[in-house]
Amino acid sequence: MNLPSFQFLQLTESSVTTISSPKLDLIARTWEHIASRYLRRLESNRILAGRVRSIRLLAVHDAIHAVIDPGNGHIYKSPSEGYTTEAAFAAAVRASHDVLVSVFGDAASISDLGHLLEESLALVGNDIEKAAGETSGTESAAAYLQAFAPLLVNHHTAVRRAPALRPVSSREPAGAGWRRSA
């Protein structure tokens, strides 16, 4: 049986802190697609793309947990003022948006992500829950961006130097540093 780790964790994880909502599942998939579309731009730097993906998912996780299971986030542990699925929905959307905007900060990306955010949040009918969720999402994303800012630097374009090689001593034959211990 070859289950990917995410599916395996879903099978073994207790469902006490997990909410099941088709609306929340749909928005999670939608923003996963949006994030994938943006992360393809970093195709040549898989390490940076993986870091952005991970930070985004963790920020979304903590934002949702601020609503449904306060205090059990990884970095962001503040409780949300909201308590419904709509607040969790808004928190997930806002956290995802904020992480992506911090990485893809050009005017066209900010505009596109802003429109996608507005469309997604328009699905939330309760303005009080929407505002509470957005606050949790913004704070969660900010906590992760602050904690992991050094990891989001794109080293892809930097000129890399060859590693400095240790000069071989004239007395030491080549390969003498390696000896078999028996």
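Considering the range 83-105 alone, what residues qualify as being more than 19 Å from Ile55 (Cβ to Cβ) and open to solvent by 10 Å² or more (accessible area, probe 1.4 Å)?
Hits for the range 83-105 are Tyr83, Thr84, Thr85, Glu86.
Might you let me know whether the range 11-30 holds any residue that is surrounded by 14 or more Cβ atoms within 10 Å (Cβ to Cβ), within 27 Å of Ser109 (Cβ to Cβ) and at pLDDT 85 or above? Walk me through it before giving the result.
Within the range 11-30, the subset surrounded by 14 or more Cβ atoms within 10 Å (Cβ to Cβ) is 19, 21, 24, 27-28, 30.
Still in the list and also within 27 Å of Ser109 (Cβ to Cβ): 24, 27-28, 30.
When the remaining residues are screened for being at pLDDT 85 or above, the result is 30.
Yes, the range 11-30 contains a residue that is surrounded by 14 or more Cβ atoms within 10 Å (Cβ to Cβ), within 27 Å of Ser109 (Cβ to Cβ) and at pLDDT 85 or above.
Can you name every residue in the range 48-63 that is hydrophobic (A, V, I, L, M, F, W, C) and either open to solvent by less than 30 Å² (accessible area, probe 1.4 Å) or without any contact (Cβ under 8 Å) to a residue 40 or more places away in the chain (or both)?
Applying the first criterion (hydrophobic (A, V, I, L, M, F, W, C)) to the range 48-63 yields 48-49, 52, 55, 57-60, 63.
Those that are hydrophobic (A, V, I, L, M, F, W, C) and either open to solvent by less than 30 Å² (accessible area, probe 1.4 Å) or without any contact (Cβ under 8 Å) to a residue 40 or more places away in the chain (or both): Leu48, Ala49, Val52, Ile55, Leu57, Ala59, Val60, Ala63.
Please list, ordered by first then second residue, the pairs with beta carbon atoms under 9 Å, 6 or more apart or interchain, first in the range 65-89 and closer than 16 Å to Tyr144 by Cβ and in a loop (DSSP other than H, G, I, E, B), second open to solvent by less than 70 Å² (accessible area, probe 1.4 Å) and of a type in the set (Asp, Glu).
Cβ pairs passing all conditions: Asn72/Asp62; Gly73/Asp62; His74/Asp62; Ile75/Asp62; Tyr76/Asp62; Lys77/Asp62.
Here is a list of conditions, (1) in a helix (DSSP H, G or I); (2) open to solvent by 60 Å² or more (accessible area, probe 1.4 Å); (3) touching a residue at least 24 places away in the same chain (Cβ under 8 Å), and Glu118 meets all of them except one; can you say which number that is?
Condition (3) is where Glu118 drops out.
Take Ala59 and decide whether it is closer than 16 Å to Thr135 by Cα, modelled with pLDDT of 95 or more and touching a Gly at 6+ places or on another chain (Cβ under 7 Å).
Working: closer than 16 Å to Thr135 by Cα: yes; modelled with pLDDT of 95 or more: yes; touching a Gly at 6+ places or on another chain (Cβ under 7 Å): no.
Criteria not met by Ala59.
Results for (1) at pLDDT 95 or above; (2) more than 16 Å from Leu58 (Cα to Cα); (3) loosely packed, with under 14 Cβ neighbours inside 10 Å, shown as yes or no for each residue.
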position	(1), (2), (3)
Ala122	no, yes, yes
Asn126	no, yes, no
Ala131	yes, yes, no
Asn154	no, yes, yes
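Filter the range 90-115 down to residues that are in a helix (DSSP H, G or I) and charged (D, E, K, R) and give me whichever is farthest from Ile64 (Cα to Cα). Outline the logic, then answer.
Let us first name the residues in the range 90-115 that are in a helix (DSSP H, G or I), namely 90-103, 107-115.
Retained after the next criterion (residues that are charged (D, E, K, R)): 94, 98, 112.
On the way: Arg94: 10, Asp98: 14, Asp112: 24 Å.
It comes out as Asp112.
The values are calculated or read from the model by the stated rules, or taken from the named source; none is laboratory data. All values derive from a computational prediction rather than experimental measurement. Reconstructed Cβ throughout: ideal geometry from the backbone, glycine too, with neighbour counts over all protein chains shown. For the accessible areas, the whole protein counts, side chains as well, though only heavy atoms, and no ligand, DNA or RNA atoms are used. Shrake-Rupley method; radii C 1.70, N 1.55, O 1.52, S 1.80 Å.
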